[in-house]
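Chemist: Sharing a structure with you now.
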């Protein structure tokens with residue numbers, strides 16, 4: 001049985017094949033993965049918020065898309081992944097409760113999706129799979145033996161991206 | 001002999017005067033504990049009257065936990081829960097989240113609709129409506145107590161309901177805490193009766209600045 005590495009909220013983990021990295025119960029949060037298919041090195045980041053510049057508590061860079069993704073990128077590169085081969089996948093960014101007059105805070109899911117895409121683009125990393133939005137929770141994992149990113153839900157089935 | 005065990009959680013964050021809840025003084029923590037105590041007591045009484053069962057309550061425990069650990073208080077991030085969410089308007093705008101593990105929610109529906117224990121296996125429109133009404137009543141009772149204590153007038157919105165993973169539902173309030181700090185202040189009260197099978201977790205999460213308003217109103 002290969003290692004199962006857990007990632008909590010506002011945290012990230014990097015590893016190599018044959019490990020699997022998992023994060024449980026994402027709502028508006030996003031699970032961003034990076035993977036190098038040749039060295040089979042990768043990581044999974046569980047971000048809560050889009051932008052560290054709009055927050056007063058910035059001690060933990062893994063909490064934000066704009067600081068968390070570059071941080072995880074550095075770590076996978078340090079382990080020996082190749083920047084040009086890296087591909088990204090992501091899931092999450094739901095809006096769990098529907099309100100007619102949803103505030104910005106309620107729509108943080110879609111803002112997280114937009115910010116993550118923008119950061120990946122800036123860093124020049126291809127986004128090759130995505131399962132975002134809607135109104136349900138997701139448990140996400142990436143299998144570093146093959147780069148398969150699995151999304152599990154309570155009653156919307158499971159899918160791989 | 002089962003226990004009807006309801007856990008009440010009161011979560012707050014730092015505000016203009018403190019960047020993180022870990023900066024709160026002992027007197028302020030005591031004041032929040034007392035607010036939690038009075039609010040939870042009122043809510044427990046309301047719940048007891050609705051389901052017609054006696055509910056005992058302990059003194060609230062106050063603790064400060066990392067945000068990522070909050071889902072563990074309700075059974076872990078992938079535990080299946082029902083959440084009732086209300087937005088609170090007024091002088092100290094806040095959010096309220098009432099969480100029940102799935103089995104507790106189903107049992108509560110059995111009692112509310114007058115079905116046999118175990119009859120409810122999924123939530124239909126009526127069941128959801130009944131649970132939202134419970135969220136409404138508990139929030140009203142809580143906010144009334146808060147008003148008596150602070151004279152801050154607060155009005156809850158209509159409730160919204162979701163059944164999903166605890167982490168996903170809690171993320172709605174945790175994300176807001178995350179903008180202000182890395183810890184949550186949790187005031188936790190347990191309700192118990194001699195009956196079996198219900199646990200509840202009640203979160204009140206004030207907006208930035210609202211904690212300051214509340215603490216000022218009680219004079220700490």
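Chemist: Can you list the strands (runs of 3 or more DSSP E) found entirely within region A:17-125 that contain at least 2 residues being surrounded by fewer than 23 Cβ atoms within 10 Å (Cβ to Cβ)? Quick ask: steps written out before the conclusion?
Modeler: Details: elements: A:20-26, A:30-36, A:41-47, A:87-92.
It comes to A:20-26.
Chemist: Across region A:1-12, which residue is farthest from the chain's Cα centre (by Cα) among those that are surrounded by fewer than 20 Cβ atoms within 10 Å (Cβ to Cβ) and part of a strand (DSSP E or B)? Write out each step before concluding.
Modeler: Going residue by residue through region A:1-12, those that are surrounded by fewer than 20 Cβ atoms within 10 Å (Cβ to Cβ) are A:1-6, A:8, A:11.
From what is left, the residues that are part of a strand (DSSP E or B) are A:4-6, A:11.
Numbers: A:4: 17, A:5: 14, A:6: 13, A:11: 10 Å.
Ranking the candidates gives A:4 first.
Chemist: While we're here: Filter region B:63-92 for residues that are surrounded by fewer than 17 Cβ atoms within 10 Å (Cβ to Cβ) and under 21 Å from residue B:138 (Cα atoms); which is nearest to the other protein chains (Cβ to nearest Cβ)?
Modeler: Per the stated criteria, the residue is B:89.
For every residue, the table says whether it meets (1) more than 13 Å from chain A (Cβ to nearest Cβ); (2) modelled with pLDDT of 90 or more.
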position: B:113; (1), (2): yes, no
position: B:118; (1), (2): yes, no
position: B:170; (1), (2): no, yes
position: B:187; (1), (2): yes, no
position: B:203; (1), (2): yes, no
position: B:209; (1), (2): no, no
position: B:217; (1), (2): yes, no
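Chemist: Could you give me the residue pairs with C-beta distances under 9 Å whose first residue belongs to region A:132-155 and is away from chain B (no Cβ under 12 Å) and touching a residue at least 40 places away in the same chain (Cβ under 8 Å), whose second residue is crowded, with 22+ Cβ neighbours inside 10 Å and part of a loop (DSSP other than H, G, I, E, B) wherever it lies, and which are 6+ apart or on separate chains?
Modeler: A:132/A:93; A:132/A:94; A:133/A:93; A:133/A:94
Chemist: Moving to a separate point now. Answer yes if at least one residue in region A:143-152 is more than 21 Å from residue B:78 (Cα to Cα) and in contact with a helix residue (DSSP H, G or I) (Cβ under 9 Å, 6 or more places away or on another chain), and no otherwise.
Modeler: no
Chemist: Can you name every residue in region B:120-165 that is within 14 Å of chain A (Cβ to nearest Cβ), more than 19 Å from the chain's Cα centre (by Cα) and part of a helix (DSSP H, G or I)?
Modeler: none
Chemist: Which condition breaks for residue B:196 when tested against (1) within 14 Å of chain A (Cβ to nearest Cβ); (2) surrounded by fewer than 18 Cβ atoms within 10 Å (Cβ to Cβ); (3) at pLDDT below 80?
Modeler: (1)
Chemist: Being more than 16 Å from the chain's Cα centre (by Cα) and at pLDDT below 80 is true for just one of B:31, B:79, B:3. Which residue is that?
Modeler: On the way: B:31 fails: at pLDDT below 80; B:79 fails: at pLDDT below 80.
Of B:31, B:79, B:3, the one residue that is more than 16 Å from the chain's Cα centre (by Cα) and at pLDDT below 80 is B:3.
The values are calculated or read from the model by the stated rules, or taken from the named source; none is laboratory data. These numbers were taken from a predicted model, which means no experiment stands behind them. In this analysis, Cβ positions are derived from the backbone assuming ideal geometry, glycine residues included, and neighbour counts consider all displayed protein chains.
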